[in-house]
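Working notes for the structure below.
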Amino acid sequence: MSQNYYETLGVSRDATPEEIKKAYRRLARSLHPDVNPDPEAQERFKTVTVAYEVLSDVDKRSFYDRGGDPLAGAGASGGFGAGFSFNDIMDAFFGQQTQRGPRGRARRGNDALIRIGVQLAEAAFGTTRELKVDTAVVCSTCHGNGSADGAEPITCQTCRGHGEVQHVQRSFLGDIRTARPCPTCQGYGTVIANPCEECSGDGRVRARRTLTIKVPAGVDSGTRIQLTGEGEVGPGGGPAADLYVEVEVEPHDVFTRSDDDLYCDVRVPMTAAALGTQIDLPTLEADTGVPAEEATIGFDIVPGTQSGETVTIRGRGVPHLRGVGRGDLKVRVVVETPTKLDDRQRELLGLLATERGEELVEGEFAAPHRRVFDRIRDAFR
Ligand SMILES: [Zn+2]
Ligand SMILES: [Zn+2]
């Protein structure tokens with residue numbers, strides 16, 4: 001005995017036929033391949049179907065109750081699972097009529113997606129773009145109804161307007177009625193006697209349009225701008241779908257972006273880093289064509305600034321796409337050591353070194369490695 005059919009269906013040994021039917025229906029709802037793609041569920045569905053095959057049949061059930069296996073030698077899978085859809089089973093066994101009927105000719109079109117590259121300043125401060133878009137538009141010859149002479153579609157003779165054709169297949173559970181879309185009318189229930197030559201009856205044609213789109217300030221790579229109703233129109237004069245424009249921000253040669261903060265490096269001479277100075281820095285706004293004095297900000301390099309230190313200038317980053325305000329501009333200071341010294345400069349720097357007691361410098365690890373070094377040295381003492 002391969003399995004306990006009662007346990008498989010989750011019913012007691014004295015369950016009524018109605019209870020067995022109910023249990024199988026409940027399990028089929030969660031396990032049928034049409035509603036549950038999980039391979040494990042499909043295996044379980046086969047198992048519960050075999051159990052149902054035995055317990056729903058009076059003779060097989062009593063044979064099983066007496067300790068026999070009514071399916072022995074018949075192939076354990078019971079021959080079921082022959083491609084019946086979930087709806088077919090529900091209709092056939094449980095008297096539920098799934099609403100089908102002909103499908104409408106007019107359907108919503110598909111959404112369309114196009115990608116555009118924008119410069120960093122355009123992404124930050126917004127811009128407009130002219131876009132050439134190839135999408136399906138309503139056929140101007142038939143105005144979307146697909147008929148060359150303007151006549152209404154006529155009832156399909158193959159399916160008599162139902163949009164589907166039925167087959168009856170015999171199985172151990174009785175007759176299973178399966179319905180497939182009508183091959184003559186593709187399920188519409190009607191046919192167009194004299195299709196429009198321009199669109200072959202589809203009601204739409206492809207066309208190129210020019211759209212002006214507004215790219216809002218603050219977009220980033222991956223941001224999608226939705227243009228409602230600018231996608232392709234549906235067949236049969238169906239409503240137009242949406243067009244999505246996905247933004248890809250091109251790299252900038254000075255600024256990099258992380259969220260709404262901008263980053264850049266500025267070089268300052270060693271002496272300026274030591275003494276402190278004021279720097280005028282052209283910001284990203286300079287790329288938008290605003291006057292140079294407006295696009296330039298001044299900020300302080302404080303005396304004793306180290307190489308790699310970052311100065312944060314609040315509110316000069318990218319405007320937030322949602323909400324108000326802007327990110328920050330983070331300027332990393334790169335201190336430059338002079339590489340070419342003339343005699344006088346070398347002498348001056350030498351004097352400075354003497355003054356600071358720095359003529360002979362012992363190499364020292366910068367913290368925190370220094371502490372590690374000390375500990376190792378102490379360990380060897
Ligand atoms: Zn047409
Ligand atoms: Zn038909």
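The values are calculated or read from the model by the stated rules, or taken from the named source; none is laboratory data. Bear in mind that the values here come from a model prediction, so they are computed numbers and not experimental data. We place every Cβ from the backbone using ideal geometry, glycine too, and count neighbours over all the protein chains shown. Note: areas computed on protein heavy atoms with side chains; ligands, DNA, RNA excluded. Shrake-Rupley method; radii C 1.70, N 1.55, O 1.52, S 1.80 Å.
Here are a few things to note about the model shown:
- Any chance Arg129 is assigned to a strand (DSSP E or B), away from ligand 1 (no atom under 16 Å from the Cβ), in contact with a strand residue (DSSP E or B) (Cβ under 9 Å, 6 or more places away or on another chain) and not small (Gly, Ala, Ser): yes
- Picking from residues in region 245-293 that are part of a strand (DSSP E or B), without any contact (Cβ under 8 Å) to a residue 40 or more places away in the chain and closer than 28 Å to Ile114 by Cα, the one that is most open to solvent (accessible area, probe 1.4 Å) is Thr256.
- The number of residues in region 152-202 that are closer than 26 Å to Gly237 by Cβ, open to solvent by 40 Å² or more (accessible area, probe 1.4 Å), over 38 Å from the mean Cα position of the chain (by Cα) and within 15 Å of ligand 2 (Cβ to nearest atom) comes to 7.
- All conditions but one from (1) surrounded by fewer than 18 Cβ atoms within 10 Å (Cβ to Cβ); (2) away from ligand 2 (no atom under 11 Å from the Cβ); (3) closer than 22 Å to Gly234 by Cβ apply to Thr135; the one that does not is (1).
- Number of positions in region 222-241 that are charged (D, E, K, R) and not in a strand (DSSP E or B): 2
- Cβ-Cβ under 9 Å pairs, at least 6 apart or on other chains, region 337-352 side open to solvent by 80 Å² or more (accessible area, probe 1.4 Å), far side acidic (Asp, Glu): Leu352/Glu358
- Odd one out for Arg332, checked against (1) over 22 Å from Pro251 (Cα atoms); (2) out of contact with any helix residue (DSSP H, G or I) (no Cβ under 9 Å at 6 or more places or on another chain); (3) at pLDDT 90 or above; (4) open to solvent by 70 Å² or more (accessible area, probe 1.4 Å): (1)
- Number of the condition not met by Gly218 [criteria: (1) without any contact (Cβ under 8 Å) to a residue 60 or more places away in the chain; (2) open to solvent by less than 20 Å² (accessible area, probe 1.4 Å)]: (1)
- Look at (1) open to solvent by 50 Å² or more (accessible area, probe 1.4 Å); (2) modelled with pLDDT of 95 or more and you find that Arg206 fails only one, number (2).
- Taken over region 46-59, the criterion of being open to solvent by 20 Å² or more (accessible area, probe 1.4 Å) and either of a type in the set (Gly, Ala, Ser) or over 15 Å from Asn4 (Cβ atoms) (or both) is satisfied by Lys46, Ser56, Asp57, Val58, Asp59.
- Once region 298-323 is narrowed to residues that are in contact (Cβ under 8 Å) with a residue 24 or more places away in the chain and part of a strand (DSSP E or B), the residue that is surrounded by the most Cβ atoms within 10 Å (Cβ to Cβ) is Ile301.
- Among residues of region 96-126 being closer than 14 Å to Val247 by Cα and in a loop (DSSP other than H, G, I, E, B), the one that is farthest from ligand 2 (Cβ to nearest atom) is Gln119.
Residue by residue, here is whether (1) away from ligand 1 (no atom under 16 Å from the Cβ); (2) assigned to a loop (DSSP other than H, G, I, E, B); (3) on the phi < 0 side of the Ramachandran plot holds:
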| position | (1), (2), (3) |
| --- | --- |
| Glu152 | no, yes, yes |
| Val165 | yes, no, yes |
| Val168 | yes, no, yes |
| Asp175 | yes, no, yes |
| Cys185 | yes, yes, yes |
| Gly201 | no, yes, no |
| Ala207 | no, no, yes |
| Asp220 | yes, yes, yes |
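- Test: residue in region 134-141 that is at pLDDT 70 or above and either small (Gly, Ala, Ser) or at positive phi (or both): yes
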